[in-house]
Every structure is written in structure tokens, then in C-alpha cells.
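Below is one structure, written out as C-alpha cells, with a few remarks after it.
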Amino acid sequence: MDQGKRSQLILGISAGAHDTAAALYEDYDIKAAVSLERLTRRKNDRADFPDLCIDEVLAIAGATRADVDVIAIGRRYFPNEFFRLNTVAGRLQQWFRTNIRKKNSRNMMREVRVGKTSAADLLDAPAFVAHHGFRPDTAMFFYNHHEAHALPTLFYTDWPEALLVTADGGGDNVNYSFRTFSNGQLQTLYGGSECDHTPLPVDSIGEFYSAVTEALGFVPARHEGKITGLAAFGTPVLYDEMAKHYRVDPGSGRIQSDFTDHRAVLPYVRKILQGVSREDAAASVQRLTEKLMIESLRHWVARYPTKHIGLAGGVFANVSVNRLIAEQLGLEEIFVFPAMGDEGLAAGGPIVYLHERDGLAHWLGQRRRLKDVYLGRDFGDAIDGELTARPEVARIHGPAVEGAAQRLAAGQLGAIYTNRMEFGPRALGARTILANPARRETHDLLNTRLNRTEFMPFAPVIQAGKAEQVFGVSRVNAYACKFMTTTCDVRPEWRSRIPAVVHLDGSARPQIVERHTNPLYFDILTAFEAATGLPVLVNTSFNVHEEPIVNSPKECVRALLDGRIDFVVTERGLYERRNQAGMV
């Protein structure tokens, strides 16, 4: 890259599948990132081109579509009208798709695979960008799905060497990828562009996990976390049956299955689950996933010795799997990209583009540790304006931090609403519900007030300097714990003191927080410990069941008025419902 040139504004888009999102970079600095669901209020919302997300991240950065220099986008669905038609057969095919099959778009990756070509050759990019209101010279960059998952796990570290692993339900013709970084060289071992023209294998443990999710009556690609939660209550009685169909190839280290058709997976799962409790079914698929991933990664670590592993893709939303990787492979550190699902591709796409634009040496020189993922809109004092404008809401006089801590100590449920919304699936202290972890009844109270599933555990938050006193936090998992992407042990002497956050196996999924990233969050922890002697609070996402995490002030106020929470604390004040505050 010519350092004399101006920086580029790079728009990353993940579209056409669940967890649609957009992210905006100015060269290597991420300016904003938002999932579509937070704007539409529809869980896991998808769109082939997420205009709402795009305009939101641009507005956050004070930019418009005319300012965008590059669009980094995956090879998913594009309208028929923008495909180049170079032959009579191509024109007939498009006419058939549009008029007979009534399909207005097509899967770009399928066209790449079948036609043995590239997305750049297939799409009329100038027409596409002009149609969507961008400058005619805005470049389009088509990223590889698994590369966009993988590269952020290296970029946001300072590791001298690493193994980068991705695993999900499938993308760009593969379900896994493996890359090694050593001696300043980054090598793709499997799952890169060499797979562009091959069929998608039926070997995804993520696909199998989702099939179990669906067979148990939950929503696939949404409720897999419920299966992980249920697994703690069951016995893996179906493990041997499931394991007959999967193995780790001793030569390649890849997970393989004997299924030959994706359509056969769900019927098989439904058949073997008959007469089996949902807890035992969940425990079985969890055990299978853990064993396969550990065996596969053990192979790669032996073949390419490393002390660092970067993880991304939907399979690594499974915090129990991540814990085993951290504890069993002799590592110095793991990092799970916080937006590990497909929403994270919006952030990963620009990182892939920058790698190709500038070359590896310059790209490596720009790496930095991820401080936080507060990348949504900061509504500023609009939240206080919304709260004070409602006659049903009372502002409580006195220090807000101490008032919040006192209410939490007394067993109330409170929400913290501060600064920019989090990006990714976890609430990390910007849109978070807080509660007292010492009260056993907290678990049932939260489930009742939020319409949550009774078996799902809640997570703790603790200041970074105190984390090792209470939890099995070490240099291996501390970076992951910053973003709540792994579980670890709760020290035995603390388990009875904070029962609301301790899982059946004595573990928890902690978030560790530093004051410079979120002063209000940190200070409430300090005040709560002063009041109770406990350095831990419950942190759960600020939403009711099947709704996305709260984004706007109006959504926050509605939760308070609906009685989901007892109070809201902001940078500027503490608020309760008037009837609750005893006021008229």
C-alpha cells in the first residue's frame, strides 16, 4: 500500500443467511458494526442486502454511501438482473429462473462452483453498486466465508505463531478451515479458495448439532445454545450411535461423516431421538461435538506445534467446547472472535480485503488486541430524555452507582444502558441486566420476568483484577473471558456464595471487565462488593425471550414499564417506575 494515499472507507456486509450484519472500517480501524436484528427487532433477521444495517453503520461514522470506497461482501444471494449474461444459454436460464421458477435471486457461490468461475466475473459490479446508491467507482470485493471468519482471530492478537480454526454449518463449500501462522507466514491448510469449485461435504458437526436442535423442537441456527444448556442435565446415551457416523481422519485431521446427502441428516436424527429424553439427546450431541473437535485440533497441534489457537464460526459459540480446547491442548492462549457467527463476517470481510490490498507484512504490522466490541450507536443522553419524559418513571435522587448497588443487594433486577451497543451475541455491559448472584431465587426470578427457558444458566461479571480469585481465569482464557466466549471453573470456596451463576458441573461463563472500557459497569461492581462483600454480579442480556438485545432508548423504557426490570441505571441517573418508587 502506498502510505501517501488517503485511507479507504470499507463497508463489510454479511448477508443472505441468518445473522445478517454490516460493519464499517476506515482502513484498519473499525468504526461501527450492527446486526440487522437489533434494528428490525426480529431475531436472527436476514436480508440479501441489509440496507438498514448499512445506513446505520454509515450514520454512526458520520458518512454516507457516497463516501464508501470498497464493499466487502460474501458470495451469497444476488438479484438475477445483475448477473452478466454472456451467452444465449445464460439469458434463457435467467428468463427461466425469473418467469417460471419465480426466483428473483440466485446463490452466487453455487454459480461459482457450477460454472468454474469467479464472483467478479459473474456480477456486473458497477451496475450493482450504482443501483444501491454508491459511487460508480466503488469497488466490490468478494471474501471467502471461512477466511473472513479466521483472519480476525489473528489480526486481533499479537501472537508470533498460531493455528486458526473455523467450524460452522457450512460456507463457500466447506464446513471447516485450518490455517497456520509461523515465521511471518500465513498458510491455508484446508478450506480456502481451493474448495471454490467442489461440492459442500456432508461432514459438518455444526449441521448435525442443528439437526438435533430442530428435532428437539427448537429453532435451528438460533437455539443451539439451549442444547448446550440442556446437556448438563443429561447422560450421553446416544453417543455411541451418533459416533458411528463421524470420525477424524488420521491423515488430514478433518472431521468426516458417512452421510452422503445433507437431506439424510435430520431424518436420521429424528429416528434415533425417539423415546430419548431431550436432556440425554443434548448430552449425546454435546459429547460428540467435544470429542470430535478436540481430536481434530489435537491432530493439527501435533502436526503444526503452536501455543495459540484462534477460533471462529458458529460451532465455537459452544462455550463448553472452547473450555476443553483451552484446557486440554497445552496452550498459552486462545481467542474466540466475539462475533463468532455469521454476523462476524461483516467485520472479517474488510480484514481479508486489507490483507490482500496491503500484503501480509504490512497487515501484520497493523495488528492490535481488541479492546471492546461496543460498536453500535451511542444514543447519548437520549436515554435519559426518554425516561424523564414518561410520567410513569421516577428519577431517583442521589448517587446512581451506589443506588443501583443497594437495589441489587436487596434482590432487585436492574438494567445498565450506557454508551454504544455491543456487537455479537453476548451482552457485555452496555445493554445488560444485572442481578444479585448470591440469591438462589434469582435464577427463577429472571426466567419468569424475561420469559426465559428454565434450564439455561446465567453468567457472572467480575473486575479483571479479581477474576482469578473466584474463577479459573488464567492467561490461557482471560482474553476469551473478556468477551464471554468460554466457561471455566468456579473455585470451590465461591460456589455456595454465588449460586445463581454456577453451572451443574461447577463452572461458569464469566465476563471480566476493566474500568477503561466501561467505567459505569466497573463502578457498580465496586459498589456492590462494598455493600455485600461479593465481587460478582449476574450479567444477562437485556432482552426477553426470542427478542434481540435492546438497542434504542424506547426499547429500554418499554422493558422498565413492562416490569421486566426494576430499575435502569445510565451514565446520568437511576430510574424506577413511579408506583415501584412509592411516588404519586
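Test of understanding: ordering VAL501, VAL373 by Cβ neighbours within 10 Å, fewest first, what list do you get?
If I rank by nearby Cβ atoms, fewest first, I get VAL373, VAL501.
Once R0 is set to 25 Å, what does the formula 1/(1 + (r/R0)^6) return for the Cβ-Cβ distance between ALA361 and ARG6, expressed as a FRET efficiency to the nearest 0.05?
Details: r = 21 Å, r/R0 = 0.85.
Efficiency at R0 = 25 Å is approximately 0.70.
Report, as a whole number in µm² per second, the diffusion coefficient that Stokes-Einstein gives for the range 376-488 at 37 °C and 0.692 mPa s using the Kirkwood radius over alpha carbon pairs.
D = 200 µm²/s.
Only counting other Cβ atoms within 10 Å, I'd like PHE337, PHE141 sorted with the fewest neighbours first.
PHE141, PHE337
Within the range 156-337, what is the number of lysine pairs with alpha carbons under 21 Å apart, leaving out pairs fewer than eight places apart on the same chain?
Pairs that pass both the separation and distance tests number 5.
So if I take the centroid of the Cα atoms in the range 239-270 and the same for the range 288-354, what is the distance between those two points in Å?
Using only Cα atoms to place each centre, the spacing works out to 20 Å.
On alpha-carbon atoms, Rg over Rh for the range 9-144 using Kirkwood Rh?
Ratio value, two decimals: 0.99.
Once you sort the root eigenvalues of the Cα gyration tensor of the range 202-354 as a ≥ b ≥ c, which label holds: rounded (a/c under 1.5), prolate (a/b larger than b/c) or oblate (the other case)?
prolate
Please sort 166-178, 108-120 by packing, taking for each peptide the average over its residues of neighbouring beta carbons within 10 angstrom, highest first.
Final packing ranking: 166-178, 108-120.
Can you tell me which lysines have their Cα less than 26 Å from the Cα of LYS554? Leave out same-chain residues fewer than eight positions away.
Correct list for LYS554: LYS31, LYS43.
Would you give the gap between the C-alpha center of the range 220-238 and the C-alpha center of the range 489-551, rounded to a whole Å?
Result: 23 Å between the Cα centres.
Based on the mean of other Cβ atoms within 10 Å per residue, sort peptides 227-240, 27-40 so the most packed one is first.
Sorting 227-240, 27-40 by mean packing, highest first, produces 27-40, 227-240.
Can you find, among GLY506, VAL476, SER552, the residue farthest towards the positive end of the dipole of the chain? Put +1 on the C-beta of Lys and Arg, -1 on that of Asp and Glu.
Final value for the positive-end residue is SER552.
Over the chain, calculate the relative contact order: mean separation of alpha carbon pairs under 8 Å at least 6 apart, over the residue count, as a percent.
In percent, rounded to a whole number, it is 15.
Just one of (i) 24.1, 77; (ii) 25.1, 86; (iii) 25.8, 81 is Rg and Dmax of the Cα atoms in Å as worked out from the coordinates here. Which one is it?
(i)
Summarise the long-distance tail of P(r) for the range 375-581 by giving the % of C-alpha pairs beyond 22 Å.
Percent of Cα pairs beyond 22 Å in the range 375-581: 44.
Any idea what the dipole of the chain comes to, in debye rounded to 20, about its Cα centre with Lys/Arg Cβ at +1 and Asp/Glu Cβ at -1?
In debye, rounded to 20, the chain gives about 740.
Using a cut-off of 13 Å between alpha-carbon atoms, which aspartates and glutamates can reach LYS466, once sequence neighbours fewer than 8 places away in the same chain are excluded?
Straight-distance partners of LYS466: GLU514, GLU529.
Which angle from 0 to 90°, rounded to the nearest 10, does the C-alpha axis of helix 519-532 make with the longest principal axis of the chain?
40 degrees
Throughout, read-outs are computed from the coordinates displayed, never taken from laboratory work. Since the model is a prediction, treat every value here as computed from it, not as a measurement. Cβ: placed from backbone, ideal geometry, glycine included. Neighbour counts: every protein chain shown.
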